[in-house]
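Beneath this line is the structure, given in structure tokens, with notes to follow.
The values are calculated or read from the model by the stated rules, or taken from the named source; none is laboratory data. Quantities reported herein were computed from a predicted structural model and do not represent experimental measurements. Because the Cβ atoms are built from the backbone with ideal geometry, glycine has one as well, and the counts that use them run over all protein chains shown.
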């Protein structure tokens, strides 16, 4: 007999964690058992906002609540894989916020542990649930575009110094990883989901906004080849003026050209396909609004509902750990070309600390 509810816990009560908790509380077949966060201020926020157990340590949380079935990991990027392995080792399924990890090797260890423990790993690849992206995948799967000849992805967002001052891990190479991990991993996933893996990668990286106290680039231009013989490019920046500008993908095939765009790939901007009549799509969800900045479309609820269906034995549309690993693999291949940029342009820790102190005093 199907269980009425699936019991969840959330590790990390920052922006993403709060969003997970909010949706879990609104889903009838989910029960939020506990939240863990090492920050005392966020612990107090959780106690006020949530009617569940709150802990300072997620291992202690799991020991106190053996009934937890699924742990949603919403902590800094560099902590995802180790925390996932510990939760899996205690018999829990895990939902890992993007990115799944910062290296392919660490993601592989997560999957090996999941296989050993016979547990599921789900990744937050929420842009797959947007109507525009689903439509574009169906067009490609049905071969309406013919052979894909060229793909272009443009991601131009804004991240100000205030964004990095909100959380000390942001901007750190070992915990953040860079824009392709933190801001644009959703769009790397969409690239792979639509057209497969890429190779023969070449990249140029720059930091055009030196006032942001980061240890990596804010802008990049990448060229690559597709497995089917086509070519493509990825252009990205978190240095656009004042606000997010664009997230778009253009696909040129032998039988048509399509482009989805807007700020969050939420609009069909162009559709010209042989013997095909475009019909209007359902509206996309609004972007996640975090105050100082906005992120991708808020598809958390659809994602969590499908995870629950999967765990209750129903066929559903999910994004697994294997999918998350493949996205990390592409980012890692791109960032292999970043090493020389980091050697030449990276800020020494003392300089970065001084910039952060100065910015904090001026806000």
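List of remarks:
- Here residue 342 fulfils each of the conditions (1) within 28 Å of residue 232 (Cβ to Cβ); (2) modelled with pLDDT of 90 or more; (3) surrounded by fewer than 18 Cβ atoms within 10 Å (Cβ to Cβ) apart from (2).
- Taking region 40-52 as the range and being part of a loop (DSSP other than H, G, I, E, B), at pLDDT 95 or above and out of contact with any strand residue (DSSP E or B) (no Cβ under 8 Å at 6 or more places or on another chain) as the test, no residue passes.
Listed here are the residues, each with its yes/no results for (1) at pLDDT below 95; (2) touching a strand residue (DSSP E or B) at 6+ places or on another chain (Cβ under 8 Å).
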position	(1), (2)
227	yes, yes
244	yes, yes
251	no, yes
272	no, yes
275	no, no
299	yes, no
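- Only helices (runs of 4 or more DSSP H) whose full extent lies in region 53-138 are considered here, and the ones with at least 2 residues that are over 15 Å from residue 36 (Cα atoms) and either in the same structural domain as residue 15 (by TED's automatic domain parsing) or touching a residue at least 24 places away in the same chain (Cβ under 8 Å) (or both) are 80-89, 104-117.
- Count of residues meeting criterion [surrounded by fewer than 15 Cβ atoms within 10 Å (Cβ to Cβ) and in contact with a helix residue (DSSP H, G or I) (Cβ under 6 Å, 6 or more places away or on another chain)] in region 221-269: 0
- One residue alone among 16, 34 is modelled with pLDDT of 95 or more and within 25 Å of residue 299 (Cβ to Cβ), and that residue is 34.
- Residue within region 181-199 that is part of a strand (DSSP E or B) and either surrounded by fewer than 16 Cβ atoms within 10 Å (Cβ to Cβ) or modelled with pLDDT of 95 or more (or both) present: yes
- Scanning region 152-167 for residues that are more than 19 Å from the chain's Cα centre (by Cα) and part of a loop (DSSP other than H, G, I, E, B) yields a total of 1.
- Among the residues of region 301-322, those that are modelled with pLDDT of 85 or more and touching a helix residue (DSSP H, G or I) at 6+ places or on another chain (Cβ under 7 Å) comprise 301, 302, 303, 304, 321, 322.
- Set side by side, the residues 26, 22, 51 differ, and just one is farther than 16 Å from residue 100 by Cα and over 24 Å from the mean Cα position of the chain (by Cα), which is 51.
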